Structure formats: C-alpha cells, structure tokens
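The values are calculated or read from the model by the stated rules, or taken from the named source; none is laboratory data. What you see is a predicted model; the values in this text were computed from it and never measured. Here Cβ is always computed from backbone atoms with ideal geometry, including for glycine, and neighbour counts include all displayed protein chains. Note: areas computed on protein heavy atoms with side chains; ligands, DNA, RNA excluded. Shrake-Rupley method; radii C 1.70, N 1.55, O 1.52, S 1.80 Å.
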Amino acid sequence: MALTILGIESSCDDTSAAIVRDGVMLSNVIASQAVHEAYGGVVPELASRAHQQNIIPVVSEAIHRAGIEKSSIDALAFTRGPGLMGSLLVGTSFAKGFATALDIPLIDVNHLQAHVMAHFIRVEGEENRQPAFPFICLLVSGGNSQIIRVDSYKEMQVLGQTIDDAAGEAFDKCAKVMGLGYPGGPVVDRLAKTGNPSAFVFSRPHIPHYDYSFSGLKTSFLYLLRDALKENPRFIEEHLNDLCASLQFTVVEILMEKLRRAVEDTGITEVAVAGGVSANSAVREAFRVHAERYGWNIYLPRLSFTTDNAAMVAITGYYKYQDRDFCSIDLPPFARVAL
C-alpha cells in the first residue's frame, strides 16, 4: 500500500508544503517573502505574519498539484526546529491542527537533518543518484556550516561546525556592506563569475579539527573596504566583481580545506553537499574538481532542494514513519539545537 506524507516547512522566511508518496515527490510548493529585502535581512515578526497568510493556500496548492485527496495522506511531517520561533510556531500549530482533524500521525523533523535527507528525494524522470552509507555531508547555509558523518537515515554525527558565523551569513553580510541587497549570496555568486579571485587576500581562520569560523573573514573584508574607501570613494564600484570573486574564493577554500581533512581521516569517499550555499556555483565546481582529483563520489542536490523546502521534510518523515517514529501533539518547537 502506498505511503503518502505531507511535509510542512516554516523555519525561516519560506512557507512550503510538499507531498511525497513512497519516496517520490508529487509536489513541492514554496512561498517566499520579499518583504525582508528592504531591511537587509529576515525580520522575525514579519516572517511569522507572512507564514500565517501563506500556510493554508500553500498546503492547499501542494495537495492540488499532487493530484490527491486529503483523505489519502497517511502522516504529516513538520519542521519542529531549529529556526525562528515565531515562524516555527505557525507551522507547528497548523500541523497539529491538520493532523488532528485527519486523525493521522504527526512526525517532528529536525531542519538540519532534513537538508541532509534532501539527497533521498526521488523525482520521476530524473536520475535520482543517492549516496551510499556511510557518507560525509557538508551542510552549508545562512545559519549553519557543518561537516556531518551520515551512517543511516537516523544516525548522523557532527564532526565539525562553525564556532561563530556560518558561510552563508558571511556572504550575505559582506554583500550588504557592498550595497548588494538581501539575500546577497546569489548576487556575489553572479558577480564573481567575471572577477579575479586572486585580486584580494582576506584573513583565514586557524581553527583546530574540523570546526569553522567566518567572523575573522568578515572583519578582514570590512577593514579592507574601510581603508580603501578613505583613498577612493568609488573603490567598491570599481572593484565590485573582483571583491566578490575574492570573497567567494576564500569562503570556498575554507570550506573545502576542512572537508578534505575529514574525508581523508575517515576514509569515506562518498561525499555530499546540502543547504542553501550548495547552490553556489563555486562550491559545486569545487566538488567536481575534488571528485576528479581525489576520487570522491560526489552528490550535488537539485537546485530546488538546496534552499528551505518541504520536500526534504516530507522525505525525512517518510523514513521516520517506517520506524513508527511519531511525536505527541504536545511537543513544542525549538529555536536552537544540535543535529
């Protein structure tokens, strides 16, 4: 009998709902929030209000696109955390009410685990390569930078993580200083394509083991702009592409240096990348180069699965359902937690 899971994601500023049946995605609807662009970052109160407006039409559209009836949904998986508490409360409250009305099991999903599990979403008509266990996953996004050893769908160990800022945060904040708007990561990626990655040198952290740090890089970037603008007020405008290319090159080098060490030390050559920054063209190219140079079997997610989406929540719920790993209706969301 077919197993149909409704997934709901509301951890930050994207409201998303998806239907997965027997591991195959039937729909994945995402409503983004443009309101935050004017503020240079996500405003939690505005995000939660937008989720309240979006969640019912997004869920309705996901069910419609999947071509199913509500009565055929076997369980509801929702992002319980980590994320913005107001945003999570909207998704969690809706999920509890919807599951109660349909009398179906409720499955709580860790947002970080869901990003890793995005590699197991199957799409009709596509190759659908999936990493074999165990594999190493580099999870990079606006809020997280982690190297994770994945031994099974439910056994994941964080080998290293950022001790301060995440890679995506470094991109966005440096982009904001250059006046590139929010989110700045995709703009940096686009401008870097025609810049010189060796034009500027920025500080690199010396953190032990597999942990990351990007605060020093941001400070180095800010000081370079501060000093250069004193002599030439048009410095950013005249060197924008080179600044973006050099910033992107440095971030990717920091990410890949620790990842290479983790792969070498563990001997695991099945290597995946996940999270919003996995859409960055330089990150994806670095993975291809490393695959050729070091013999890695690499797994790059579909671009639509790199950002926050409910399909990754639904696929995580699909595997948790098979273990009957359900949650009670009284569990609250959580803003911060380790994987």
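Quick notes
- Residue-level check: of (1) touching a residue at least 60 places away in the same chain (Cβ under 8 Å); (2) crowded, with 23+ Cβ neighbours inside 10 Å; (3) of a type outside the set (A, V, I, L, M, F, W, C), residue 51 misses just (1).
- Residue within region 119-131 that is surrounded by 20 or more Cβ atoms within 10 Å (Cβ to Cβ) and in contact with a strand residue (DSSP E or B) (Cβ under 8 Å, 6 or more places away or on another chain) present: yes
- Annotation note: Cβ proximity below 9 Å between a residue of region 183-198 that is touching a residue at least 60 places away in the same chain (Cβ under 8 Å) and a residue that is among the hydroxyl-bearing types (Ser, Thr, Tyr) and open to solvent by less than 90 Å² (accessible area, probe 1.4 Å) (sequence gap 6+ or interchain) occurs for 189/281; 192/246; 192/281; 193/281.
Residue-by-condition table, conditions (1) under 28 Å from residue 123 (Cα atoms); (2) modelled with pLDDT under 95; (3) in a helix (DSSP H, G or I):
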position	(1), (2), (3)
25	yes, no, no
49	no, yes, yes
77	yes, no, no
80	yes, no, no
89	no, no, yes
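- Here residue 5 meets the list (1) part of a loop (DSSP other than H, G, I, E, B); (2) buried (at least 20 other Cβ atoms within 10 Å of the Cβ) almost entirely, failing just condition (1).
- Selection status of residue 210, over 25 Å from residue 281 (Cβ atoms), modelled with pLDDT of 95 or more and of a type in the set (Ser, Thr, Tyr): no
- Looking across region 86-97, the residues that are in contact (Cβ under 8 Å) with a residue 24 or more places away in the chain, open to solvent by 10 Å² or more (accessible area, probe 1.4 Å) and closer than 15 Å to residue 11 by Cα come down to 86, 89, 90, 94.
- So residue 69, is it under 21 Å from the mean Cα position of the chain (by Cα) and modelled with pLDDT of 95 or more: no
- Of all residues in region 279-300 being in contact with a Pro (Cβ under 8 Å, 6 or more places away or on another chain) and closer than 16 Å to residue 130 by Cα, the one that is surrounded by the most Cβ atoms within 10 Å (Cβ to Cβ): 299
- Among residues of region 138-176, those that are in a strand (DSSP E or B), open to solvent by less than 60 Å² (accessible area, probe 1.4 Å), over 13 Å from residue 277 (Cβ atoms) and not hydrophobic (A, V, I, L, M, F, W, C), counted: 1
- Flag for residue 201 being under 13 Å from residue 249 (Cα atoms) and outside any loop (DSSP other than H, G, I, E, B): no
- Across region 199-225, the number of residues qualifying as free of Cβ contacts under 8 Å to residues at least 24 places away in the same chain and open to solvent by less than 40 Å² (accessible area, probe 1.4 Å) comes to 2.
- Scanning region 177-186 for residues that are open to solvent by 30 Å² or more (accessible area, probe 1.4 Å) and assigned to a helix (DSSP H, G or I) yields a total of 2.
- Set side by side, the residues 311, 274, 262 differ, and just one is out of contact with any helix residue (DSSP H, G or I) (no Cβ under 9 Å at 6 or more places or on another chain) and open to solvent by less than 50 Å² (accessible area, probe 1.4 Å), which is 262.
- Tallying residues that are farther than 22 Å from residue 134 by Cβ and either in a helix (DSSP H, G or I) or without any contact (Cβ under 8 Å) to a residue 12 or more places away in the chain (or both) within region 301-315 yields 6.
Residues checked against (1) at pLDDT below 95; (2) in a loop (DSSP other than H, G, I, E, B); (3) under 17 Å from residue 9 (Cβ atoms); (4) touching a Leu at 6+ places or on another chain (Cβ under 8 Å):
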site: 273; (1), (2), (3), (4): no, no, no, yes
site: 282; (1), (2), (3), (4): no, no, no, no
site: 287; (1), (2), (3), (4): no, no, no, yes
site: 293; (1), (2), (3), (4): no, no, no, no
site: 319; (1), (2), (3), (4): no, no, yes, no
site: 324; (1), (2), (3), (4): no, yes, no, no
site: 327; (1), (2), (3), (4): no, yes, yes, yes
site: 338; (1), (2), (3), (4): yes, yes, no, no
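Matching residues to (1) farther than 13 Å from residue 314 by Cβ; (2) open to solvent by 40 Å² or more (accessible area, probe 1.4 Å); (3) in contact (Cβ under 8 Å) with a residue 24 or more places away in the chain:
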| site | (1), (2), (3) |
| --- | --- |
| 55 | yes, no, yes |
| 60 | yes, yes, no |
| 70 | yes, yes, yes |
| 84 | yes, yes, yes |
| 99 | yes, no, yes |
| 104 | yes, no, yes |
| 116 | yes, no, yes |
